[in-house]
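Asks: Before we start, here is the structure in question, set down as structure tokens.
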Amino acid sequence: NKKLNIQQTDILVIGSGIAGLTYALKMADQFPDKKVLVMTKAAADETNTKYAQGGIAVVNDWENDSFEKHIEDTLIAGDGLCNEEVVEIVVKEGPERVNEIIDWGARFDKEKDGDYKRGMEGGHSESRILHYKDVTGKEMERALIDAVKKQKNIEFVQHCFVVDLITQHHLGYLVNKSTPDVECFGVYVLNLATNKIEKILSKITLLATGGNGQVYRTTTNPSIATGDGVAMVYRAKGRVENMEFIQFHPTALYEYGTSGHAFLITEAVRGDGGILRNKHGEAFMEKYDERKDLAPRDIVARAIDSEMKINGTEHVWLDCRHFDKEKFTEHFPNIFEKCLSIGIDISKDMIPVAPAAHYSCGGIKTDEWGQSSIKNLYACGECSSTGLHGANRLASNSLLEAMVFAHRCFLDSTKILAESFTSSFVNWQNIEKEIPDWNAGGTSEPKEMILITQSLKELQLLMSDYVGIVRNDIRLQRAMRRLDLLWEETEKLYSSSTVSPQLLELRNMITVGYLIVKGATFRKESRGLHFNTDYPDKSWLVQNIVL
Ligand code: FAD
Ligand code: SIN
């Protein structure tokens, strides 16, 4: 039960997935005399990164593939909304970043001749996905954590829940959406060892808090994915954008009677020849798109949703019975074991699959250096919106984006640290005294956890039923009305209760739900992952929705 012994740092990193750790390693290496503080609300490796299966999309076959092809695939998937400059940056800087993680110790599968094995996934015109069996993310996270342990100037603090960003608002200045110069001075954090909120002051803060899949009833994301970073930035009056573009992965394992965290069946299985079939055994994808099972995710997920509705089923089937069993287990040992553990032998049985919330394409709006709209605050990885993904992320582009942007945030941060640090609102020498401690006055322990758990269930249900793969105006209006009530009740609870991770996450998820519905309501068209039956076509006005 220890108080944190740090109150001030030069560099604060929130999140220990690929984005946060890549940045931390680079900053620590560049500034050996400065301390880099990495904080995470859970165990060190409990991240979306750890669960990544398919791999990392990167041009590495210089004979058949090219930057131009990867750029084009990304733009097609993004359905008109990608920032072309950013796409080019990520694709072209990708190979160098992947070499760095290989140098830090991450392994990728190789052929007998020593060349890397290249996987195929939906929307890619070439096989370019580097992977480590079907546990690529686990391997990358392992390598990053091992590298971090060797850096003496990285302090890694687990089980510390960041509650809010500290800005001039906490010094009594008026901050609203039109304030042009919101500045970040650090964070308030709930130390789960003491249950007390402490303040951590920092010159540079990087948010790498990951995705928000937990806003939905069924998701491939682990329980940490509650959109905390996005909610914090929105509360601090920073900009977030394109929140309506929630990617549903077409093939999460369907397990009868379960909800919450769903096991993923990687798209690489379809890349290797897996076929989707409906209740009648029909390979239905050819009805929907000429690329069949390897069409971009938005198209495959909508096709599955439509087949499930037509046939009144809760899942479709993924047929792998024609695979060479030995080859399957070599590439997908984790999936093979998981299926076997629930009585599915993939050489004899088809795998029941259904779409599940998977990835947030929008998030904290950044420029091409990862700077958010708030001064001294960077955002990187899934919590950010850099312009790469547009209306739909191309498979396996997110690990790549996280690494490329962690590097760019690092380059930009070095400039800030090289200059003498000034602020319009605080004297940095005296900042510890100027920034107030957290005020927990007037709060008491919540009497009933049911007030939190039931609201969470309601939120997940309404988001899944009204704001899922297919939307329309009435559903969105209903969702907003229900969110308003949940928000009102939860804010009341928040102002009168001592905070807990459950309450903080619920509050953040309600905010994220609100932002998704708001974005979806403003988008009067169907594009990429956002499909509204009241506006089934694309609008001529191609725009990001910034909130
Ligand atoms: P994460 O890895 O999710 O890390 C977030 C960190 O922030 C965690 O440490 C968390 O504890 C911390 N955090 C969050 N909130 C707080 C808070 N309030 N206070 C303190 N800490 C906080 N992408 C690909 O490119 N290829 C793939 O093959 C692939 N497969 C995937 C498979 C699955 C099952 C899933 C879920 C995702 C997959 N993705 C894949 C997407 C990709 O894994 C993620 O987008 C990426 O790993 C996100 O990395 P990140 O560093 O941004 O966030
Ligand atoms: C998968 O392996 O299918 C997930 C890949 C991704 O989300 O990019």
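Asks: Determine, yes or no, whether LEU192 is in contact with a Cys (Cβ under 9 Å, 6 or more places away or on another chain) and either within 16 Å of ligand 2 (Cβ to nearest atom) or touching a residue at least 60 places away in the same chain (Cβ under 8 Å) (or both).
Replies: It is true that LEU192 is in contact with a Cys (Cβ under 9 Å, 6 or more places away or on another chain) and either within 16 Å of ligand 2 (Cβ to nearest atom) or touching a residue at least 60 places away in the same chain (Cβ under 8 Å) (or both).
Asks: Looking only at residues that are surrounded by 18 or more Cβ atoms within 10 Å (Cβ to Cβ) and in a loop (DSSP other than H, G, I, E, B) in segment 180-205, which one is nearest to the chain's Cα centre (by Cα)?
Replies: CYS184
Asks: Using the structure shown, decide if ALA77 is of a type in the set (A, V, I, L, M, F, W, C), surrounded by 18 or more Cβ atoms within 10 Å (Cβ to Cβ), within 16 Å of ligand 2 (Cβ to nearest atom) and within 30 Å of ASP164 (Cβ to Cβ).
Replies: It is false that ALA77 is of a type in the set (A, V, I, L, M, F, W, C), surrounded by 18 or more Cβ atoms within 10 Å (Cβ to Cβ), within 16 Å of ligand 2 (Cβ to nearest atom) and within 30 Å of ASP164 (Cβ to Cβ).
Asks: Quickly run through segment 207-217 and pick out the residues that are assigned to a helix (DSSP H, G or I) and farther than 13 Å from CYS383 by Cα. I'd like the intermediate steps shown before the answer.
Replies: Filtering segment 207-217 down to residues assigned to a helix (DSSP H, G or I) leaves 213-215.
Selection gives GLN214, VAL215.
Asks: What is the residue count in segment 225-249 for residues that are crowded, with 24+ Cβ neighbours inside 10 Å and either under 10 Å from the mean Cα position of the chain (by Cα) or within 14 Å of ligand 1 (Cβ to nearest atom) (or both)?
Replies: The qualifying residues number 14.
Asks: Also, I was wondering about something else. Can you tell me which condition THR219 does not meet? The list is (1) away from ligand 1 (no atom under 15 Å from the Cβ); (2) closer than 22 Å to SER341 by Cα; (3) of a type outside the set (A, V, I, L, M, F, W, C); (4) in contact with a helix residue (DSSP H, G or I) (Cβ under 8 Å, 6 or more places away or on another chain), and all the others hold.
Replies: Failing condition for THR219: (1).
Asks: Can you list the helices (runs of 4 or more DSSP H) found entirely within segment 218-336 that contain at least 3 residues being within 27 Å of THR49 (Cα to Cα) and away from ligand 2 (no atom under 16 Å from the Cβ)?
Replies: 228-235, 325-331
Asks: Failed condition for ILE6, given (1) at pLDDT 95 or above; (2) surrounded by fewer than 21 Cβ atoms within 10 Å (Cβ to Cβ); (3) among the hydrophobic types (A, V, I, L, M, F, W, C), with all others met?
Replies: For ILE6, the failing item is (1).
Asks: Same structure, new question: Given VAL499, VAL512, which one is part of a loop (DSSP other than H, G, I, E, B), under 26 Å from GLU198 (Cα atoms) and within 26 Å of the chain's Cα centre (by Cα)?
Replies: Result of the check over VAL499, VAL512: VAL499.
Yes/no per residue for (1) within 26 Å of LYS447 (Cα to Cα); (2) surrounded by 14 or more Cβ atoms within 10 Å (Cβ to Cβ); (3) of a type outside the set (Val, Ile, Thr):
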| position | (1), (2), (3) |
| --- | --- |
| VAL512 | yes, yes, no |
| GLY528 | no, yes, yes |
| LEU541 | no, no, yes |
| VAL546 | no, yes, no |
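Asks: Next question. Could you check how many residues of segment 125-135 are in contact with a strand residue (DSSP E or B) (Cβ under 7 Å, 6 or more places away or on another chain) and buried (at least 22 other Cβ atoms within 10 Å of the Cβ)?
Replies: The first filter runs over segment 125-135 and keeps only residues in contact with a strand residue (DSSP E or B) (Cβ under 7 Å, 6 or more places away or on another chain), leaving 127-131.
Next, from what is left, pick out any that are buried (at least 22 other Cβ atoms within 10 Å of the Cβ): 128-131.
So the answer is 4.
Asks: When you look at ILE450, is it over 14 Å from the mean Cα position of the chain (by Cα) and either free of Cβ contacts under 8 Å to residues at least 24 places away in the same chain or on the phi > 0 side of the Ramachandran plot (or both), yes or no?
Replies: yes
Asks: A further question on this structure: Do we have any residue at all in segment 286-299 that's more than 25 Å from TYR466 (Cα to Cα), within 29 Å of the chain's Cα centre (by Cα) and among the β-branched types (Val, Ile, Thr)?
Replies: The answer is no, given that none of the residues of segment 286-299 is more than 25 Å from TYR466 (Cα to Cα), within 29 Å of the chain's Cα centre (by Cα) and among the β-branched types (Val, Ile, Thr).
Okay, residues lined up against (1) in contact (Cβ under 8 Å) with a residue 60 or more places away in the chain; (2) out of contact with any Ser or Thr (no Cβ under 7 Å at 6 or more places or on another chain); (3) not hydrophobic (A, V, I, L, M, F, W, C):
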{"residue": "MET39", "(1), (2), (3)": "yes, yes, no"}
{"residue": "GLU46", "(1), (2), (3)": "yes, yes, yes"}
{"residue": "ALA52", "(1), (2), (3)": "yes, no, no"}
{"residue": "VAL59", "(1), (2), (3)": "yes, no, no"}
{"residue": "ASN64", "(1), (2), (3)": "yes, yes, yes"}
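Asks: When the residues of segment 471-527 are filtered to those that are of a type in the set (Asp, Glu) and free of Cβ contacts under 8 Å to residues at least 24 places away in the same chain, which remaining residue is nearest to LEU190 (Cα to Cα)?
Replies: GLU491
Asks: Restricting to segment 382-425, and then to whatever is at pLDDT 95 or above and among the acidic types (Asp, Glu), can you tell me which residue is nearest to ligand 1 (Cβ to nearest atom)?
Replies: Ranking the qualifying residues of segment 382-425, first place goes to GLU382.
Asks: Can you tell me which residue within segment 85-141, out of those that are among the polar types (S, T, N, Q) and within 15 Å of ligand 2 (Cβ to nearest atom), is farthest from ALA44 (Cα to Cα)?
Replies: Going through the qualifying residues, I end up with SER127.
Here is a yes/no grid of residues against (1) assigned to a helix (DSSP H, G or I); (2) touching a Pro at 6+ places or on another chain (Cβ under 7 Å); (3) at negative phi; (4) away from ligand 1 (no atom under 16 Å from the Cβ):
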position	(1), (2), (3), (4)
TYR23	yes, no, yes, no
ALA28	yes, no, yes, yes
ALA42	no, no, yes, no
LEU75	yes, no, yes, yes
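Asks: Hey, among ILE474, ILE450, which residue is at pLDDT 95 or above and among the β-branched types (Val, Ile, Thr)?
Replies: Every option except ILE474 fails the conditions.
Asks: So, one more: If you go through segment 375-391 one residue at a time, do you hit one that is surrounded by fewer than 24 Cβ atoms within 10 Å (Cβ to Cβ) and polar (S, T, N, Q)?
Replies: Yes, segment 375-391 has at least one match.
Asks: Of the residues that sit in segment 286-331 and are acidic (Asp, Glu) and farther than 26 Å from ILE76 by Cα, which one is surrounded by the most Cβ atoms within 10 Å (Cβ to Cβ)?
Replies: Selected residue: ASP319.
Asks: Among the residues of segment 453-473, which ones are farther than 22 Å from ASP298 by Cβ and either in contact with an Asp or Glu (Cβ under 9 Å, 6 or more places away or on another chain) or surrounded by fewer than 20 Cβ atoms within 10 Å (Cβ to Cβ) (or both)?
Replies: Passing the criteria: THR453, GLN454, SER455, LEU456, LYS457, GLU458, LEU461.
Asks: On to the next question. Test of understanding: among GLN429, GLN454, GLN477, GLN460, which residue is within 24 Å of VAL233 (Cα to Cα) and in a helix (DSSP H, G or I)?
Replies: GLN460
The values are calculated or read from the model by the stated rules, or taken from the named source; none is laboratory data. Nothing here was measured: the structure is a model prediction, and the numbers come from that model. When we count neighbours, we look across all protein chains shown, and the Cβ atoms used for this are built from the backbone with ideal geometry, even at glycine.
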